[in-house]
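Accompanying notes for the structure given below.
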Amino acid sequence: MERKRGFEVAKGWEDKEINLPVRKTGRSAGYDVEAAEDTVIPAFKPGMKPTLVKTGIKAYMEPDEMLCLYNRSSNPGKKGLILANSVGIVDSDYYGNPDNDGHIMFAFFNVKEEDIEIKKGDAIGQAIFQKFLITDDDNATGARMGGFGSTSK
(Lines give C-alpha, C1' and ligand atoms only; values in the text may rest on other atoms or scores of the structure.)
Protein backbone atom coordinates (compact mmCIF):
# COMPACT_ATOMS: atom_id res chain seq x y z
CA MET A 1 0.00 0.00 0.00
CA GLU A 2 1.31 3.43 -0.98
CA ARG A 3 1.74 5.81 1.96
CA LYS A 4 -0.15 9.07 1.40
CA ARG A 5 -0.86 10.52 4.82
CA GLY A 6 -0.81 9.41 8.40
CA PHE A 7 0.63 9.74 11.87
CA GLU A 8 3.73 8.27 13.47
CA VAL A 9 5.41 8.55 16.85
CA ALA A 10 8.13 11.23 16.72
CA LYS A 11 11.76 10.37 17.46
CA GLY A 12 12.48 10.35 21.16
CA TRP A 13 8.89 9.40 22.06
CA GLU A 14 8.94 5.73 20.98
CA ASP A 15 9.00 4.36 24.55
CA LYS A 16 6.44 6.82 25.99
CA GLU A 17 3.23 4.91 25.13
CA ILE A 18 1.98 7.53 22.68
CA ASN A 19 -1.45 6.94 21.13
CA LEU A 20 -1.73 7.92 17.49
CA PRO A 21 -4.71 10.17 16.66
CA VAL A 22 -7.98 8.49 15.67
CA ARG A 23 -11.37 9.60 14.41
CA LYS A 24 -14.16 8.62 16.79
CA THR A 25 -16.95 8.27 14.19
CA GLY A 26 -17.16 7.55 10.48
CA ARG A 27 -18.19 11.12 9.73
CA SER A 28 -15.73 12.90 12.00
CA ALA A 29 -13.49 15.31 10.09
CA GLY A 30 -10.85 15.52 12.80
CA TYR A 31 -8.45 13.07 14.35
CA ASP A 32 -8.42 13.47 18.13
CA VAL A 33 -4.95 14.34 19.42
CA GLU A 34 -3.72 13.60 22.96
CA ALA A 35 -1.12 15.23 25.20
CA ALA A 36 2.10 13.22 25.40
CA GLU A 37 2.94 14.28 28.95
CA ASP A 38 1.53 16.15 31.93
CA THR A 39 1.70 19.91 31.30
CA VAL A 40 0.66 22.89 33.42
CA ILE A 41 -0.71 25.84 31.46
CA PRO A 42 -0.43 28.92 33.68
CA ALA A 43 -3.14 31.55 33.98
CA PHE A 44 -2.58 34.25 31.35
CA LYS A 45 -0.57 37.35 32.14
CA PRO A 46 0.08 40.06 29.52
CA GLY A 47 3.34 39.50 27.66
CA MET A 48 3.64 35.78 28.35
CA LYS A 49 4.36 33.25 25.63
CA PRO A 50 1.95 30.40 24.92
CA THR A 51 2.58 27.00 26.49
CA LEU A 52 3.51 24.30 23.99
CA VAL A 53 1.74 21.03 24.73
CA LYS A 54 3.67 18.13 23.24
CA THR A 55 1.88 15.34 21.41
CA GLY A 56 4.74 12.93 20.71
CA ILE A 57 3.50 12.53 17.12
CA LYS A 58 4.45 13.66 13.64
CA ALA A 59 2.45 13.55 10.40
CA TYR A 60 3.36 12.69 6.83
CA MET A 61 1.28 13.84 3.87
CA GLU A 62 1.32 14.66 0.17
CA PRO A 63 3.27 17.78 -0.93
CA ASP A 64 0.05 19.71 -1.67
CA GLU A 65 -1.49 18.98 1.73
CA MET A 66 -1.29 20.47 5.19
CA LEU A 67 -2.44 19.35 8.61
CA CYS A 68 -4.61 21.87 10.44
CA LEU A 69 -4.62 21.81 14.24
CA TYR A 70 -7.86 22.93 15.84
CA ASN A 71 -8.89 23.37 19.45
CA ARG A 72 -11.46 21.06 21.00
CA SER A 73 -14.81 22.82 21.15
CA SER A 74 -15.01 22.18 24.91
CA ASN A 75 -11.57 23.59 25.79
CA PRO A 76 -12.38 27.33 25.97
CA GLY A 77 -15.50 26.96 28.10
CA LYS A 78 -14.44 24.11 30.38
CA LYS A 79 -10.71 24.67 30.71
CA GLY A 80 -10.18 28.25 29.50
CA LEU A 81 -7.77 27.05 26.81
CA ILE A 82 -7.48 28.87 23.51
CA LEU A 83 -4.99 28.26 20.70
CA ALA A 84 -2.48 31.08 20.48
CA ASN A 85 -2.45 30.92 16.68
CA SER A 86 -6.19 30.17 16.28
CA VAL A 87 -5.39 27.35 13.84
CA GLY A 88 -2.05 25.59 13.71
CA ILE A 89 -0.72 24.77 10.26
CA VAL A 90 1.66 21.83 9.82
CA ASP A 91 3.30 21.92 6.39
CA SER A 92 4.23 18.69 4.61
CA ASP A 93 7.94 19.55 4.81
CA TYR A 94 7.76 19.81 8.62
CA TYR A 95 7.79 16.00 8.75
CA GLY A 96 11.20 14.66 9.71
CA ASN A 97 12.87 18.10 9.93
CA PRO A 98 16.36 18.11 11.51
CA ASP A 99 15.40 20.18 14.58
CA ASN A 100 12.60 18.07 16.07
CA ASP A 101 11.68 15.34 13.53
CA GLY A 102 8.35 17.08 12.85
CA HIS A 103 7.06 16.77 16.42
CA ILE A 104 3.60 18.38 16.57
CA MET A 105 2.75 20.69 19.48
CA PHE A 106 -0.32 22.75 20.36
CA ALA A 107 0.30 26.35 21.52
CA PHE A 108 -2.19 27.24 24.27
CA PHE A 109 -3.07 30.27 26.34
CA ASN A 110 -5.12 29.76 29.51
CA VAL A 111 -7.67 32.57 30.03
CA LYS A 112 -8.81 31.30 33.44
CA GLU A 113 -7.55 32.82 36.68
CA GLU A 114 -6.00 29.54 37.84
CA ASP A 115 -3.41 27.25 36.29
CA ILE A 116 -4.79 24.34 34.27
CA GLU A 117 -3.16 20.91 34.28
CA ILE A 118 -3.29 18.76 31.18
CA LYS A 119 -2.63 15.09 31.89
CA LYS A 120 -0.87 12.65 29.59
CA GLY A 121 -3.54 11.08 27.37
CA ASP A 122 -6.00 13.99 27.66
CA ALA A 123 -7.55 14.92 24.31
CA ILE A 124 -6.29 18.44 23.56
CA GLY A 125 -7.30 19.12 19.97
CA GLN A 126 -8.17 17.85 16.53
CA ALA A 127 -6.08 17.43 13.41
CA ILE A 128 -7.56 17.63 9.91
CA PHE A 129 -5.66 16.94 6.68
CA GLN A 130 -6.49 19.37 3.87
CA LYS A 131 -5.40 20.08 0.30
CA PHE A 132 -4.24 23.58 -0.58
CA LEU A 133 -3.92 25.53 -3.83
CA ILE A 134 -1.17 27.81 -5.13
CA THR A 135 -1.34 30.82 -7.45
CA ASP A 136 -0.40 30.74 -11.14
CA ASP A 137 2.69 32.86 -10.52
CA ASP A 138 3.94 30.93 -7.46
CA ASN A 139 7.67 30.26 -7.58
CA ALA A 140 8.51 29.18 -4.03
CA THR A 141 11.77 27.24 -3.99
CA GLY A 142 12.89 27.46 -0.36
CA ALA A 143 13.57 24.39 1.75
CA ARG A 144 12.69 23.94 5.42
CA MET A 145 15.77 23.83 7.59
CA GLY A 146 14.19 23.78 11.05
CA GLY A 147 11.32 22.78 13.26
CA PHE A 148 8.53 24.57 15.13
CA GLY A 149 8.15 28.19 13.97
CA SER A 150 10.98 28.04 11.41
CA THR A 151 9.11 28.88 8.18
CA SER A 152 10.10 32.58 8.10
CA LYS A 153 13.71 32.06 9.27
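The values are calculated or read from the model by the stated rules, or taken from the named source; none is laboratory data. Just so it is clear, the structure is predicted and the values come from calculations on it, not from any experiment. Using ideal geometry, Cβ is built from the backbone for each residue, glycine included, and neighbour counts are taken over all protein chains shown.
Here is a yes/no grid of residues against (1) of a type outside the set (D, E, K, R); (2) at pLDDT 95 or above; (3) within 25 Å of residue 75 (Cα to Cα); (4) exposed (fewer than 11 other Cβ atoms within 10 Å of the Cβ):
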{"residue": "5", "(1), (2), (3), (4)": "no, yes, no, no"}
{"residue": "12", "(1), (2), (3), (4)": "yes, yes, no, no"}
{"residue": "27", "(1), (2), (3), (4)": "no, yes, yes, yes"}
{"residue": "33", "(1), (2), (3), (4)": "yes, yes, yes, no"}
{"residue": "38", "(1), (2), (3), (4)": "no, yes, yes, no"}
{"residue": "41", "(1), (2), (3), (4)": "yes, yes, yes, no"}
{"residue": "45", "(1), (2), (3), (4)": "no, yes, yes, yes"}
{"residue": "48", "(1), (2), (3), (4)": "yes, yes, yes, no"}
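Step by step: first the residues of the range 85-104, then only those that are β-branched (Val, Ile, Thr) and assigned to a loop (DSSP other than H, G, I, E, B), then the one that is surrounded by the fewest Cβ atoms within 10 Å (Cβ to Cβ). Which residue is that? Break it down stepwise before answering.
Our first condition is that a residue be β-branched (Val, Ile, Thr); within the range 85-104, this holds for 87, 89-90, 104.
Retained after the next criterion (residues that are assigned to a loop (DSSP other than H, G, I, E, B)): 87, 104.
On the way: 87: 10, 104: 26.
That would be 87.
Considering the range 105-125 alone, what residues qualify as being more than 17 Å from residue 56 (Cα to Cα), out of contact with any Pro (no Cβ under 7 Å at 6 or more places or on another chain) and not in a loop (DSSP other than H, G, I, E, B)? Don't jump to the end; show me each part of the working.
Here is the first cut: in the range 105-125, the ones more than 17 Å from residue 56 (Cα to Cα) are 109-117.
Okay, now just the ones that are also out of contact with any Pro (no Cβ under 7 Å at 6 or more places or on another chain), so 111-114, 116-117.
Residues satisfying the conditions are 116, 117.
Checking residue 74 against (1) surrounded by fewer than 21 Cβ atoms within 10 Å (Cβ to Cβ); (2) under 19 Å from residue 12 (Cβ atoms); (3) not acidic (Asp, Glu), only one condition comes out false. Which one?
Result: residue 74 fails condition (2) only.
Does residue 144 fit the bill of being modelled with pLDDT under 95, under 25 Å from residue 13 (Cβ atoms) and of a type in the set (Lys, Arg)? Before you say what the answer is, go through the steps one by one.
Details: modelled with pLDDT under 95: yes; under 25 Å from residue 13 (Cβ atoms): yes; of a type in the set (Lys, Arg): yes.
So residue 144 passes the test.
Could you run through the range 21-46 and say how many residues are aliphatic (A, V, I, L, M) and closer than 14 Å to residue 68 by Cβ? Walk me through how you get there before you give the answer.
Going residue by residue through the range 21-46, those that are aliphatic (A, V, I, L, M) are 22, 29, 33, 35-36, 40-41, 43.
Okay, now just the ones that are also closer than 14 Å to residue 68 by Cβ, so 29, 33.
The total comes to 2.
Could you name every one of the strands (runs of 3 or more DSSP E) located completely within the range 1-84 that has at least 1 residues being in contact with a helix residue (DSSP H, G or I) (Cβ under 9 Å, 6 or more places away or on another chain)?
Values: elements: 6-9, 31-34, 39-41, 51-54, 57-60, 65-71, 81-83.
In the range 1-84, the matching strands (runs of 3 or more DSSP E) lie at 39-41, 57-60, 65-71, 81-83.
Just one of (1) over 15 Å from the mean Cα position of the chain (by Cα); (2) at pLDDT 95 or above trips up residue 99, so point out which.
Looking at each condition in turn, residue 99 falls short on (2).
Looking at (1) among the small types (Gly, Ala, Ser); (2) over 11 Å from the mean Cα position of the chain (by Cα); (3) more than 17 Å from residue 21 (Cβ to Cβ), can you tell me which one residue 107 breaks?
Of (1) among the small types (Gly, Ala, Ser); (2) over 11 Å from the mean Cα position of the chain (by Cα); (3) more than 17 Å from residue 21 (Cβ to Cβ), only one is false for residue 107: (2).
Could you list, in sequence order, the residues of the range 47-84 that are of a type in the set (S, T, N, Q), within 17 Å of residue 128 (Cα to Cα) and more than 11 Å from the chain's Cα centre (by Cα)?
Listed by number, the list holds a single entry, 73.
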